[in-house]
Structures are given as C-alpha cells and as structure tokens.
Amino acid sequence: MGTTSCCLNFLCSLEAADWIAIFGVIVNAGLAFWIVKTIQNRLTNKRVLKDYFINEFKDIRNEYKTFLTNLYLNTTHPQKIIPWFKLMNIKVDDLMSIVNAKYKIDEKKLKPYQIDLRELITNSSFASSRNG
Amino acid sequence: MKTISVLENFSEFPALRHCNISDESGEKFYHKVLNKAFKEAYVNNEKLSVNLDATAGYASSFLDEAFGNLVYDFTLDVVKSKIEIISEQEPHWKEMILNQTYPQWESRRKSKQQPIVTANHEAWYRLINNELKQEIWERPAAV
C-alpha cells in the first residue's frame, strides 16, 4: 500500500517536461531496437542467400569433377555424355540468370568454358570411336 | 510455315557428324529429313521452322554438318531467308549455327570444297543457278 502511494505521488509530481523526456526515451529505445533487428535480419538473409548460391556453384563444380574423373576412368557410357552436358548447361544457365538478376554478375561468364569442354569431349577421337 | 522437329522427325538421341562414326548422325539427318523438308518449303515458297528442343542434346558437329550441308546445297541467302531455328532449351545452338556454321559453309561452297559423305544416300536436292536439281552429288570415298 505504501509503495503504491509512493509511486502515485512520484508520478503526480512529474511536470510536463519530464513526461516529454520519458516519452522521448521510450520512442528512441523502440526505434533503436527496430533498426538493429531489421538490419540484422537483412544482413542474415543476404548472407544466407549468398551461401546458397555459393553452394550451388560448388555442387556444379563437384559434378563436373566427378564426370571428368569417370571419363578418365572409362566408366562413363559414351551415349550418356551428350545428355549430361545438356542437363548441366541448362542447370548452369538457370543459376547464372538468377545470379545475374540478383547480383548483376555477367550471365555468359561461364559459357565459353561450358562450350569448350563439351567441344573438347564430344569432338574428340574418343567420342568418335565410342559413340556408335 | 512448315515445322519439323529433330525429336519427332528424326531421333531423340542425335549423335555426331558422320554416318561412319555414329548411327543418328548430322549427315543422316540432313539426307533423310532436312534436305527434303527444305526443298518442300522452297518449292512452296514458305518458311521452314526447325525445332531443336526436347532431344537428349547435341554435339556441335551434328548441327554443323546438317545445317552446313543445307547452306552448301541451297546457298546462304536462300537458307537465311527460308529457315527459322527454334532452340529454347539451349539458345547457344542457334547462335552457333547463325554465326559460325552458316558463314563457314558458305565460304566452303564458294571455294567448291565438297562436303564429305560417309554413306550412300538417295539423290538429294541442290540449287544450281536458281534451279532445283536432284542427284547423288557425292559418294563415300572408297576405303
């Protein structure tokens, strides 16, 4: 009872300037909280998205590595080579067009490498001798 | 406009350049499908649309041989004015045909460097002085 009446007395004794100051403190604290929370979320989202794309590219690199290893080990069926290249090219093109829209990275950057590798393999004497 | 599709009119698995190294070759596609279809379009004065999509994929040599022979037999100007290539899945094939195959085979035609055939084909059409002629223009080299 004593504590409540003490608080009431304190609040009643506050002047208009004090109320304005308290209101200012509350608004500033809310604003600071909102800004920190929003910026943090945005940074986190950006990072998550970047990590996702980086992982996609790493997966594609690994698929190429596996494919080349199998090719050298002679465990790839020759008639699966061209379909594999088609699928990979479509996959890379899709990813590059998304990355281009998001980060303005040149979407034709990997094209010469894709084409050169496919030419190297499908026009080689290996392909000619095995693709029956 | 007449439309042909590699998938429907030829094969789901187009292979390499010549008949002596692969079954469904560019050479075979040209002689079995493309030459006749283009001749029909030329005679009827209509465009020929060639759809490259929905197959298992291409080697560049397949397309180079097929469309290159077309330029050799019908000239670049006629081919360019009468053909439309559709390649939505792999658009770079269209670019390759237009920017590399066409000019290379046109200069080959001008220098009279005959295309190589590696199998016997039925007589096919060629434009000679704006006149269509059907002959067996080349035969495979004897081994």
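Laboratory data are not the source of any read-out in this text; all were calculated from the coordinates shown. Bear in mind that the values here come from a model prediction, so they are computed numbers and not experimental data. Methodologically, a virtual Cβ is constructed for each residue, glycine included, from the backbone with ideal geometry; neighbour enumeration extends over all protein chains shown.
Yes/no matrix, rows are residues, columns are (1) within 14 Å of another protein chain (Cβ to nearest Cβ); (2) basic (Lys, Arg); (3) in contact (Cβ under 8 Å) with a residue 24 or more places away in the chain; (4) more than 19 Å from B:His92 (Cβ to Cβ):
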site	(1), (2), (3), (4)
B:Asn9	no, no, yes, yes
B:Pro14	yes, no, yes, no
B:Ser22	yes, no, no, yes
B:Ala37	no, no, yes, yes
B:Ala41	no, no, yes, yes
B:Asn45	no, no, no, yes
B:Asn51	no, no, yes, no
B:Thr55	yes, no, yes, no
B:Phe62	yes, no, yes, no
Have a look at B:Ile128, B:Ile86, B:Ile136 and point out the one that is free of Cβ contacts under 8 Å to residues at least 40 places away in the same chain and closer than 18 Å to B:Pro14 by Cβ.
-> B:Ile86
The condition from (1) in contact with a helix residue (DSSP H, G or I) (Cβ under 8 Å, 6 or more places away or on another chain); (2) under 29 Å from B:Ala59 (Cα atoms); (3) not in a loop (DSSP other than H, G, I, E, B) that A:Leu49 misses is numbered (2)
Examine segment B:120-143 for a residue that is under 15 Å from the mean Cα position of the chain (by Cα) and among the polar types (S, T, N, Q), and state whether such a residue exists.
-> no
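Identify all residues within segment B:43-58 that are out of contact with any Phe, Trp or Tyr (no Cβ under 8 Å at 6 or more places or on another chain) and more than 25 Å from B:Tyr125 (Cα to Cα); write none if there are none. Walk me through it before giving the result.
Initial filter on segment B:43-58 (out of contact with any Phe, Trp or Tyr (no Cβ under 8 Å at 6 or more places or on another chain)): B:43-47, B:49-51, B:53-54.
Correct list: B:Asp53, B:Ala54.
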Enumeration of residues in segment B:18-31 that are touching a Ser or Thr at 6+ places or on another chain (Cβ under 7 Å) and outside any loop (DSSP other than H, G, I, E, B) = B:Gly26, B:Glu27
Kindly list the number of the only condition in (1) within 14 Å of chain B (Cβ to nearest Cβ); (2) touching a residue at least 12 places away in the same chain (Cβ under 8 Å) that fails for A:Ile115.
-> (2)
Count - residues of segment A:68-95 that are free of Cβ contacts under 8 Å to residues at least 40 places away in the same chain, away from chain B (no Cβ under 14 Å) and part of a helix (DSSP H, G or I) | 4
Only listed residue being outside any helix (DSSP H, G or I) and either out of contact with any Cys (no Cβ under 9 Å at 6 or more places or on another chain) or among the polar types (S, T, N, Q) (or both), chosen from A:Ile105, A:Ile121, A:Ile98 = A:Ile105
